[in-house]
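Visitor: Got a structure here, written out as structure tokens. Questions coming.
The values are calculated or read from the model by the stated rules, or taken from the named source; none is laboratory data. Values in this document were obtained by computation on a predicted structure and should not be read as measured data. Heads up, the Cβs are rebuilt from the backbone with ideal geometry, glycines too, and the neighbour counts pull from every protein chain shown. For accessibility, only protein heavy atoms count, side chains too; no ligands or nucleic acids. Shrake-Rupley method; radii C 1.70, N 1.55, O 1.52, S 1.80 Å.
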Amino acid sequence: MKQNRKFWHCLTGWLPILLGVLTVGGLLLGAQPASAQNCISDRFFAATGGHLTCTANDVRIAAVNSVTDLNGNPITQCIAGSTFSFLANFEVLLGAQARYDIGLYFATDADPNGDGALTGTCAVNLLTKAAEVDSNGNPAPQNFINLDPAPDTCGDIDAAHNPQFVRVQINNALCADLNNDGFMDLPNCTSWRQPGSNQVCTSTQDAYPGSPSKCNCGTLQLPVRVETGGLTVTKDASPASLPEPGGEFTYTVTTVNTLSFTSVTLDSICDDKFGTVATVGGTATPCPAGTIGTINSTTCALGTQSAPAVTLTPGDSITPPPAGSFYTCTFKANVTGDPQTVTDTVTVKGHDATTAKTSRQGSDTAQVSITNVPPSAQVIKSLDSLQCAIVR
Ligand SMILES: [Ca+2]
Ligand SMILES: [Ca+2]
Ligand SMILES: [Ca+2]
């Protein structure tokens with residue numbers, strides 16, 4: 001059943017591409033869509049109509065390190081759910097006789113279909129002279145080997161050139177921690193050609209397994225921490241209600257930094273009904289005006305741009321939040337008028353301590369009521385006073 005599902009998945013996934021290729025009368029080679037590269041099973045099926053088992057381990061990726069952005073700046077963390085492009089060094093290890101036209105497949109979609117780099121969206125790389133580095137990651141092209149005659153250009157591996165180290169670029173990878181250990185995972189497969197199936201390889205399109213077993217799949221853990229969480233805000237009102245015509249309520253706002261390892265500095269606390277509660281003095285964007293009015297007073301104070309008063313340490317969703325990871329303050333404001341329930345929303349904004357100073361925000365609502373005071377009760381009270389006056 002599983003094989004059948006995979007078959008149909010592969011078939012439906014490739015049908016439009018196959019039709020497109022056939023329509024223009026071109027060869028399958030070079031028909032790769034520009035946006036998304038396909039994973040190893042997709043590639044193998046498109047080329048051969050067969051299904052992979054990937055049971056061999058002749059060539060595998062043994063290690064990954066030195067993750068940087070495209071400008072060479074180290075990447076040590078990413079925000080869960082975001083996508084980013086990076087460079088990394090990979091150690092490609094041979095455990096057999098010479099193997100040819102090595103393909104390196106990396107799933108960039110965080111493997112929503114649960115099959116690693118077999119199907120889905122993958123980045124595909126080759127062993128190339130240009131990508132070669134030494135074991136420390138420094139450019140030192142010496143170990144690249146192509147055992148095939150021209151026009152084959154795809155790198156190979158043999159005992160005299162083992163392991164191979166390459167530094168490759170992986171675009172638009174989804175930041176995700178698949179095994180919940182806090183670090184990003186990169187599902188991958190290697191492919192190779194064994195003697196007897198070694199054909200001319202000139203691009204990643206040709207780098208697919210020589211037979212269904214000639215591939216090795218696993219999951220690499222990148223030394224990149226996956227940041228989850230953000231700002232969590234809770235807001236409460238006291239008292240919950242006042243008799244008409246209402247009056248002053250006290251609102252308590254608590255902001256918790258639930259990020260795992262990144263601090264957040266608060267920039268503003270805004271209320272949709274009462275406008276500015278507090279902002280960092282200077283350049284912080286002011287709050288929109290409140291629809292009811294302004295606050296009467298507050299204990300919230302966020303300091304100035306040069307001396308921000310509230311920086312929350314990572315709280316990591318621990319309950320109760322550890323000291324330093326939360327900020328509680330209050331403000332007072334009037335709600336008056338006819339009997340009604342008023343819901344207001346407070347929004348706390350800040351920025352995290354990453355180089356990008358990513359914006360963080362959270363909000364919460366609170367409700368207060370103005371309760372009806374029956375006119376009859378007022379009449380009775382008046383009569384009581386009157387009676388007392390008469391007695392006295
Ligand atoms: Ca997959
Ligand atoms: Ca080759
Ligand atoms: Ca992980």
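Visitor: Out of all the residues in region 233-274, which are in a strand (DSSP E or B), open to solvent by less than 20 Å² (accessible area, probe 1.4 Å) and among the aliphatic types (A, V, I, L, M)?
Guide: 233, 253, 264, 266, 269
Visitor: Residues of region 183-204 being under 11 Å from residue 219 (Cα atoms), within 16 Å of ligand 3 (Cβ to nearest atom) and not charged (D, E, K, R), which ones?
Guide: 184, 186, 187, 188, listed by residue number.
Visitor: Let me ask something else about it. Select from region 70-103 the residues that are of a type in the set (Phe, Trp, Tyr) and more than 19 Å from the chain's Cα centre (by Cα) and list them in ascending order.
Guide: Answer for region 70-103, where residues must be of a type in the set (Phe, Trp, Tyr) and more than 19 Å from the chain's Cα centre (by Cα): 90, 100.
Visitor: Say we look at region 96-108 and pick out the residues that are modelled with pLDDT of 95 or more and of a type outside the set (Ser, Thr, Tyr); which of these is farthest from ligand 2 (Cβ to nearest atom)?
Guide: Out of the qualifying residues, it is 107.
Visitor: Say whether the condition of being of a type in the set (Phe, Trp, Tyr), under 12 Å from residue 101 (Cα atoms) and touching a Phe, Trp or Tyr at 6+ places or on another chain (Cβ under 6 Å) is met by at least one residue in region 195-212.
Guide: Looking through region 195-212, at least one residue is of a type in the set (Phe, Trp, Tyr), under 12 Å from residue 101 (Cα atoms) and touching a Phe, Trp or Tyr at 6+ places or on another chain (Cβ under 6 Å).
Condition check ((1) crowded, with 18+ Cβ neighbours inside 10 Å; (2) among the hydrophobic types (A, V, I, L, M, F, W, C); (3) modelled with pLDDT under 95) across all residues:
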site	(1), (2), (3)
125	yes, no, no
128	no, no, yes
131	yes, yes, yes
136	no, no, yes
141	no, no, yes
149	no, no, no
152	yes, no, no
158	no, no, no
175	yes, yes, no
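Visitor: Okay, next question. Being of a type in the set (Gly, Ala, Ser), part of a loop (DSSP other than H, G, I, E, B) and in contact (Cβ under 8 Å) with a residue 12 or more places away in the chain is the filter here; which residues of region 144-202 pass it?
Guide: If the condition is that a residue be of a type in the set (Gly, Ala, Ser), part of a loop (DSSP other than H, G, I, E, B) and in contact (Cβ under 8 Å) with a residue 12 or more places away in the chain, then 155, 176, 182, 196, 197 are the ones that fit.
Residues checked against (1) within 16 Å of ligand 2 (Cβ to nearest atom); (2) within 16 Å of residue 188 (Cβ to Cβ); (3) part of a strand (DSSP E or B):
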| site | (1), (2), (3) |
| --- | --- |
| 85 | no, no, yes |
| 91 | no, yes, yes |
| 114 | no, yes, no |
| 122 | no, yes, yes |
| 130 | yes, no, no |
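Visitor: Right, another one. Just to be sure before I move on: is residue 117 more than 10 Å from ligand 1 (Cβ to nearest atom) and among the aliphatic types (A, V, I, L, M) in the structure I sent?
Guide: Answer is no for this residue.
Visitor: In region 164-171, is there at least one residue being over 16 Å from the mean Cα position of the chain (by Cα) and within 16 Å of ligand 2 (Cβ to nearest atom)?
Guide: The answer is yes; a qualifying residue exists.
Visitor: Can you tell me which residue within region 293-310, out of those that are buried (at least 18 other Cβ atoms within 10 Å of the Cβ) and of a type in the set (A, V, I, L, M), is nearest to the chain's Cα centre (by Cα)?
Guide: 310
Visitor: Here's a follow-up. Looking at region 322-343 only, could you name the residues that are open to solvent by less than 40 Å² (accessible area, probe 1.4 Å), farther than 15 Å from residue 310 by Cβ and touching a Gly at 6+ places or on another chain (Cβ under 8 Å)?
Guide: 333, 335, 337
Visitor: Could we say that residue 182 is in the same structural domain as residue 102 (by TED's automatic domain parsing), surrounded by fewer than 17 Cβ atoms within 10 Å (Cβ to Cβ) and more than 16 Å from ligand 1 (Cβ to nearest atom) here?
Guide: Yes, satisfied.
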